[in-house]
Amino acid sequence: MQNNSTQAKQILILGGGTAGWMTAMILAKKLNKHGFEVSVLESQDIGIIGVGEGSTPALKAFFSSMGIGEEEWMPECNATYKAGITFDAWSTKPGFTEYFHPFKFRLDEQFSQAFFHSIQMRRQGVDIPAHPNPFFLSPLLVEKNLAPIPHYNFPFEPSYGYHFDSGLLGQFLKRRSEQLNIRHIEDKIEEVLLDGNDCISALVSQSGAKYHADLFVDCSGFSSVLMQSALKVGFKSFASNLFNDSAIAIPSEIGGNIPSETRSTAMKFGWRWKIPLTNRFGNGYVYSSNYCSPEQAETELRRDLGLLDSDVQARHLKMKVGRIEKHWYKNCLAIGLSQGFIEPLEATALFLVQQSAALFADAFEHGQFTDTNQDSYNDTINGYFEGIRDYIAAHYYTNSRTDSQYWLDCQNNHDGQSDTLKHILEIWNKGADLTAELRRLGVTKYYTSVSWHCLLAGMGVFPAQSQLRPPYPNETQVNMALINDFLHRCSLNFDPHREQLGKFTNKKG
Ligand SMILES: Cc1cc2nc3c(=O)[nH]c(=O)nc-3n(C[C@H](O)[C@H](O)[C@H](O)COP(=O)(O)OP(=O)(O)OC[C@H]3O[C@@H](n4cnc5c(N)ncnc54)[C@H](O)[C@@H]3O)c2cc1C
């Protein structure tokens, strides 16, 4: 980038998957006005990965920033609303075999004190109810098959993510990118030319065409054609923290009701997702190939879905889990699977795409191309990868299943715990103030204290039942009946999920 913003006029993005188009739109929106041109080069022969059907609430912010309404994109991508994720069968502890991880809803602040207080008491050995679900509205909406969209006069702002067909989302973004004057090139890159400073000077295609640019963005997926293959930027594997390296995906039919949640059910050698779209369920089994073969995984998944005799095709995928050492290096930026991947348990990949692109666009817009800024950008993005990894790894360490060596090894994988995660678990087990500690560690920007409490309480990480004592008469206890009554009355402000989605069609008609 040569520390001079006026030289950088052409931005060439290699890759037209979701990462490529989202990045193109984010960069073009910010930088077109400063005289930059954005192009996306992709190869239909190579294609896109075509999985990844769940998001965090960050996707809502992306569409809002592009001025694209839900009524425009959701019907075109068979999209549904997502209030959060149910984790099912990860824990075998009585009363904790299932819990919900909600997205942060303004309403939840009403009961956050009660939530933290009850959990704290149980962590300190008092026998009181401390399952997270009854403190939140979202699991109740999911139980009642309601969409997380309140009637107009409901005073609390909701927070939700989406489920979508990833292929259709890519096509939608591609169409919309035309409005931002993003150029589309169909070609296949076979060679990357470097100059004497080890910067990329051009991409050479199979037809011999040479593509020059001031900034190259690697959105080429797991193959990481520019950053890892050409520039030889190192890759830090997360294999010691997270064992899963494979996945298999199979669609299934959806019935009358559309759930407003992703379901993550623990399996013998990993977990499976169940994601509702308007026209089907997306299902997938994420597992470790060190413990089970693709055939075993396919049979286990098909059996669970009742599809053992069905001829519906299954897709087998390999996952490279970890991150590159530098996401912005020389005149290249890597975004999407080319920069790394944390397994899809919390559906965070597109969030990382957005963050990576938006933070870079900010730096770019302000002409901050010094080495220090590159370093600080890389540290920030690495922080996101590791913060999210730790939260996901905690699900595995705290499982209590004993039905396979896989789950026992996950529980005993102490070497795979980062120092931060070890510390968080120690604080939790001691019964000390976790919120204060998470803030001190600076990790609440990745997952909030509510998320950590939901995870650890939801898994039933409490003193054993035999060690709990009844509450003393002078100990304040939360009136759960009151919360329950309030939340039930709140839920009357929400419509059934299918009905809510039908409003888009009615509007069109
Ligand atoms: C099992 C699984 C489940 C997932 N679930 C989720 C989820 O729930 N939520 C979520 O947010 N994410 C999820 N993801 C991640 C998600 O799929 C990706 O982050 C997202 O699809 C973006 O991918 P991408 O654009 O980086 O790569 P790709 O989709 O692989 O796109 C790569 C692009 O580069 C192009 N290309 C590559 N090489 C060349 C070349 N030599 N010449 C020209 N073009 C080239 C290809 O043509 C393609 O256009 C999941 C991933 C996996 C593996």
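The values are calculated or read from the model by the stated rules, or taken from the named source; none is laboratory data. Source: prediction; values computed, not measured. Quick reminder, even Gly has a Cβ in these numbers, built from the backbone with ideal geometry, and neighbours come from all protein chains shown. Areas reflect the complete protein model, heavy atoms only, side chains present, ligands, DNA and RNA absent. Shrake-Rupley method; radii C 1.70, N 1.55, O 1.52, S 1.80 Å.
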Dipole of the chain, positive end: most advanced residue of His34, Leu456, Ile49 [Cβ charges, Cα centre]: Leu456
Nonlocal amide H pairs with Asp245, under 5 Å, H built at 1.01 Å: Tyr287, Ser288, Ser289
The stretch 398-509: proportion of alpha-carbon pairs further apart than 25 angstrom, %: 51 percent
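In debye, nearest 20: dipole of the stretch 246-318 around its Cα centre with unit charges on the Cβ of K, R (+) and D, E (-)? All intermediate terms of the calculation are to be shown ahead of the outcome.
Details: 9 positive and 8 negative charges, 47 e Å.
The calculation lands at about 220 debye.
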All lysines inside 27 Å of Lys422 as judged from Cα atoms, apart from same-chain residues fewer than 8 positions distant: Lys93, Lys104, Lys236, Lys268, Lys320, Lys326, Lys430, Lys445
For q = 0.11, 0.22, 0.27 Å⁻¹, Debye-computed log10 I/I(0) when each Cα of the stretch 246-318 counts as one equal scatterer: -0.25, -0.95, -1.31
Gain in span if fully extended, Ser223 to Lys236, counting 0.36 nm per residue against the direct Cα distance: 3.2 nm
Trypsin sites (Lys or Arg not before Pro) restricted to DSSP loop in the stretch 235-332 with at most 13 other C-beta within 10 Å: none
Peptides ranked, highest mean first, by Cβ atoms within 10 Å: ranges 117-123, 178-184: 117-123, 178-184
Accessible solvent surface per residue of the chain, calculated while the other protein chains remain in place, 1.4 angstrom probe, Å²: 42 Å²
Cα-based helix-to-principal-axis angle, 349-365 vs the chain, degrees rounded to 10: 50 degrees
Gain in span if fully extended, Ala481 to Lys188, counting 0.36 nm per residue against the direct Cα distance: 99.3 nm
Efficiency of FRET from Cβ geometry, Lys445 and Lys9, R₀ 45 Å, rounded to 0.05: 0.85
Segment Ser201-Ala464, length gained on full extension (0.36 nm per residue, minus Cα span): 88.5 nm
DSSP beta bridges in the stretch 10-136 [antiparallel fraction, %, rounded to 5]: 50 percent
Angle between the chain longest axis and helix 419-430 axis [Cα atoms, degrees, rounded to 10]: 10 degrees
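Please report the antiparallel percentage of DSSP beta bridges with both residues in the chain, rounded to the nearest 5.
70 percent
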Alpha-carbon centroid distance for the pair the stretch 335-389 / the stretch 111-129, whole angstrom: 36 Å
Distant-in-sequence amide H partners of Lys82 (H built 1.01 Å from N, under 5 Å): Gly161, Tyr162, His163
Between helix 166-177 and the chain: long-axis angle, C-alpha atoms, 0 to 90°, nearest 10: 50 degrees
Label-point separation in nm, Asn32 to Glu178, each point 7 Å along Cα→Cβ: 1.4 nm
Hits among lysines - C-alpha to C-alpha of Lys30 under 20 Å, sequence gap 8 or more where chains match: Lys9, Lys60, Lys174
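Express in % the proportion of alpha carbon pairs of the stretch 62-196 at distances exceeding 28 Å.
43 percent
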The chain: radius of gyration over Cα atoms, expressed as a fraction of 2.2 N^0.38 Å: 1.00
Inter-label distance for Asp309 and Gln171, nm, one decimal - labels placed 7 Å from Cα along Cα-to-Cβ: 3.4 nm
Distance between modelled label sites at Ser491 and Ser400, nm, 7 Å Cα→Cβ extension: 2.5 nm
Given charges at beta-carbon only (K, R positive; D, E negative), |dipole| of the chain in Debye: 640 debye
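Summing -39500 (n - 2.57) over the DSSP H runs of n ≥ 4 in the chain and dividing by its residue number, what mean residue ellipticity at 222 nm do you reach, to the nearest 500 deg cm²/dmol?
-10500 deg cm²/dmol
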